[in-house]
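First the structure, in the form of structure tokens, and then the observations on it.
Please treat every number below as a calculation from the coordinates, not as lab data. Bear in mind the structure is a predicted one, so any value in this text is a computation, not a measurement. Note: ideal-geometry Cβ built from the backbone for every residue, glycine included; neighbour counts use all protein chains shown.
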Amino acid sequence: MTNTEVHAIVAAMAPSPRAELRADTRLVADLAYDSVRLIELSIALERHFALAALDESRLAAVTTVGDVVDLVAEQLAAGDLGAGDLGAVR
């Protein structure tokens, strides 16, 4: 996983995209994400990185692009892979 991949997904789905995303770019205040769009973002991340469903309580704490990067990195490091990923079958 690279920051570039996460940034690309966040930017592509942002209702109000910015030319440059930084770790402190806020999803709601800066990129105009709403609750539905945040759910769609979590699903896109789960699918792209073959993650298991992201925990709702953990998602509630995600407010910046840096938080999204950290969350994906944590899930990958913990091996929280979805059933669709071949790594989960091992």
Fill in the blank from the handout: Projecting the Cα atoms of Ala29, Ala44, Ser16 onto the charge dipole of segment 3-82, where Lys and Arg contribute +1 and Asp and Glu -1 at Cβ, the residue farthest towards the positive end is Ser16
Practice task
Would you mind putting 57-69, 8-20 in packing order, based on average other-beta-carbon counts within 10 Å, highest first?
Solution key: 57-69, 8-20
Handout entry: With Cα atoms, 0 to 90° folded angle of helix 35-48 axis to the chain main axis
Key = 40
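What's the local net charge at Pro17, with K and R +1, D and E -1, over the other residues with C-beta under 14 Å away? Before the final figure, lay out the partial values.
Numbers: positive: Arg18, Arg22, Arg26, Arg37; negative: Glu20, Asp30.
For residues surrounding Pro17, the net value is +2.
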Fill in the blank from the handout: Computed about the Cα centre, the charge dipole of segment 3-82 from +1 Lys/Arg and -1 Asp/Glu charges at the Cβ has a magnitude in debye, to the nearest 20, of 200
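Looking at the chain, what % of the alpha carbon pairs are farther apart than 16 Å? Don't jump to the answer; show the numbers that get you there.
Numbers: 1997 of 4005 pairs.
The answer is 50 percent, as a whole percent.
If each DSSP helix of 4+ residues adds -39,500 (n - 2.57) and the sum is divided by the residues in the chain, what number results at 222 nm, nearest 500 deg cm²/dmol? All intermediate terms of the calculation are to be shown ahead of the outcome.
Details: 4 runs with 43 residues, N = 90.
It lands at -14500 deg cm²/dmol.
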